[in-house]
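Visitor: Below: one structure in structure tokens.
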Amino acid sequence: MPQLPASSILGFPFVELQSIDSTNKYAMNLVHTGMASHGMAIFAHAQTAGRGQRNKTWSSESGKNIALSLIVNPFPLKTFENFKIICCVSVAIANFLKKYAGDEIKIKWPNDIYWRDRKAGGVLIENIIKTGKVSSGNWQWAVIGIGININQTNFPVELPNPVSLKQITGKEFNTIELAKELCAELTTFFNDLISKNNNFLYEQYCNLLYKKDEKVKFKKGNRIFEAKILGVSETGQLITQHAIEERFDFGEIEWLLEKV
Amino acid sequence: MDLKQIQELIKMVNKSNIGELTVEQKDIKITIKQKEEKITQVISAPTQSVQSSFQPAPQQITATTVVTTDDKPVAVASNLITIKSPMIGTFYKKQGPGKPDFVSIGDDVSPGKVVCIIEAMKLFNEIECEVKGKIIKVLVEDATPVEYDQPLFLVEPN
């Protein structure tokens, strides 16, 4: 029998850690040891080995930012619907940040959060999928890792265009309170995703898309080209136009953004 | 119907679980039959000739699935289980650079054991084994793209 999430509230229980290597790693360990429950949140004041995308690290000054991992049961989503969870999480974070930072918050495809041309946050989602009778696999768990710059104002020079909420607003924030507020926002959007079969989240995602209808430089292999971003398909491909319309999966091309 | 269309048909049949497909047009009738055991496609050498005269481009059938093959067909117990990719993405056999492989040939696996990661759309999917047995073959190279339903591992159940 498919198992329905026991509780649809995300952020409960809320586990607060002073310091950990990586909240996602901690959450994945909970899943692997059978200790995970739907909605569990792991918050750390400091991450010693925060993870970004594969082979990349996520660096963050101790005690100043949000490092949060949520464990969710994605049922009844299927593995091929994985872009829906990206839409849901990105839109929830963007909406949450817009309350403080205004309408210049955008989603950079596929799931970075930008303010103007600067990166305010990132997402790393890890899934557990069982192979077996269903050929598309059985999506057991999703661990949603979220990093958002909050009170940090000095960043390592090698980071491309970072920005924090404090730099945007001039105010200092309580990171725990903000993280819990973010969990509430995610709860709303996640329940919409699970219960409503409509395109609302996808439309929101498209409306929030960074550089939409603008020309951007990309790199594909050795080829550098400029193309206009037309949008994102419902399965998550970036749709661009130069001489002809092209679609790209993530990883096929790199953004070449100018340093601001 | 041209050769390309026939090749497409073969690919389609190969990816599906259809046993046999017959297409009849004015002056031509084509029947494409799947071999009984999909596993035999995986381990057979690509140069091996295919018996059926109804398969105009036999290489197409093997080429889509064969990644590592031996020079001659190997006798393999027919009870082998294939772990297939549940999605399109990039196959990784380890957690990260410098980390050990999740599984290697000869390793015992059991349900719940992570065998690989498939990255798709910036999502990292840990693929768990559902069977108990021994890894006989790893069919895909590290950091290479995989298709939906592409065989990844052969497991001898125990």
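Visitor: Looking only at segment A:109-125, which residues are touching a residue at least 60 places away in the same chain (Cβ under 8 Å) and either more than 25 Å from B:Glu126 (Cα to Cα) or part of a loop (DSSP other than H, G, I, E, B) (or both)?
Guide: Matches in segment A:109-125: A:Trp109, A:Pro110, A:Tyr114, A:Arg116, A:Asp117, A:Arg118.
Visitor: To continue, here is another question. For segment B:93-138, which residues satisfy the criterion of being of a type outside the set (D, E, K, R), in contact with an Asp or Glu (Cβ under 6 Å, 6 or more places away or on another chain) and within 28 Å of A:Val123 (Cβ to Cβ)?
Guide: Across segment B:93-138, the qualifying residues are B:Gly112, B:Val114, B:Ile117, B:Phe124.
Visitor: Could you check segment B:87-158 for strands (runs of 3 or more DSSP E) lying wholly inside it with 2 or more residues that are more than 10 Å from every other protein chain (Cβ to nearest Cβ) and under 19 Å from the mean Cα position of the chain (by Cα)?
Guide: Hits in segment B:87-158: B:133-138, B:144-146, B:151-157.
Visitor: Can you find, within segment A:186-203, the residue that is modelled with the lowest pLDDT among those that are over 10 Å from A:Val91 (Cβ atoms) and of a type in the set (Ser, Thr, Tyr)?
Guide: Selected residue: A:Ser195.
Visitor: Output the residues belonging to segment A:25-62 that are among the polar types (S, T, N, Q), over 18 Å from A:Ile129 (Cα atoms) and away from every other protein chain (no Cβ under 14 Å).
Guide: Within segment A:25-62, the subset among the polar types (S, T, N, Q) is A:29, A:33, A:37, A:47-48, A:53, A:55, A:57, A:59-60, A:62.
From what is left, the residues that are over 18 Å from A:Ile129 (Cα atoms) are A:47-48, A:53, A:55, A:57, A:59-60, A:62.
Within segment A:25-62, A:Gln47, A:Thr48, A:Ser59, A:Ser60, A:Ser62 qualify.
Visitor: Right, another one. Can you work out which of the residues in segment A:220-260 that are in contact with a Leu (Cβ under 9 Å, 6 or more places away or on another chain) and among the β-branched types (Val, Ile, Thr) is farthest from A:Tyr202 (Cα to Cα)?
Guide: My answer is A:Ile224.
Visitor: Let me ask another. Out of (1) in contact with a Leu (Cβ under 9 Å, 6 or more places away or on another chain); (2) of a type outside the set (A, V, I, L, M); (3) at pLDDT below 95; (4) surrounded by fewer than 20 Cβ atoms within 10 Å (Cβ to Cβ), the odd one out for A:Asn82 is which?
Guide: Here A:Asn82 meets the rest and fails (4).
Visitor: Given the criteria part of a strand (DSSP E or B) and surrounded by 18 or more Cβ atoms within 10 Å (Cβ to Cβ), does A:Gly236 qualify?
Guide: no
Visitor: Pairs only if they're at least six apart or on different chains, beta carbon under 9 angstrom, first in segment B:93-115 and more than 15 Å from B:Glu156 (Cβ to Cβ), second aromatic (Phe, Trp, Tyr); list them, first residue then second.
Guide: From residues that are more than 15 Å from B:Glu156 (Cβ to Cβ), the pairs are B:Lys93/B:Phe102; B:Lys94/B:Phe102; B:Gln95/B:Phe102; B:Phe102/B:Tyr92; B:Val114/B:Phe102.
Visitor: Give the residue, chosen from A:Ala120, A:Ala142, that is of a type in the set (A, V, I, L, M), within 25 Å of A:His32 (Cα to Cα) and out of contact with any Gly (no Cβ under 6 Å at 6 or more places or on another chain).
Guide: A:Ala142
Visitor: Can you tell me which residues in segment A:63-116 are within 14 Å of another protein chain (Cβ to nearest Cβ) and of a type in the set (Val, Ile, Thr)?
Guide: Answer for segment A:63-116, where residues must be within 14 Å of another protein chain (Cβ to nearest Cβ) and of a type in the set (Val, Ile, Thr): A:Ile71, A:Val72, A:Thr79, A:Ile85, A:Ile86, A:Val89, A:Ile107, A:Ile113.
Visitor: Here is a list: A:Glu177, A:Glu172. Which entry is away from chain B (no Cβ under 14 Å) and either at positive phi or free of Cβ contacts under 8 Å to residues at least 12 places away in the same chain (or both)?
Guide: That would be A:Glu177, the only listed residue that is away from chain B (no Cβ under 14 Å) and either at positive phi or free of Cβ contacts under 8 Å to residues at least 12 places away in the same chain (or both).
Conditions (1) under 30 Å from B:Ser110 (Cα atoms); (2) surrounded by fewer than 17 Cβ atoms within 10 Å (Cβ to Cβ), marked per residue:
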{"residue": "A:Ile125", "(1), (2)": "yes, no"}
{"residue": "A:Asn154", "(1), (2)": "no, yes"}
{"residue": "A:Phe173", "(1), (2)": "no, no"}
{"residue": "A:Asn197", "(1), (2)": "no, yes"}
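The values are calculated or read from the model by the stated rules, or taken from the named source; none is laboratory data. All figures in this text were calculated on a predicted structure; none of them were measured in a lab. Ideal geometry is used to build each Cβ from the backbone, glycine not excepted, and the neighbour counts take in all protein chains shown.
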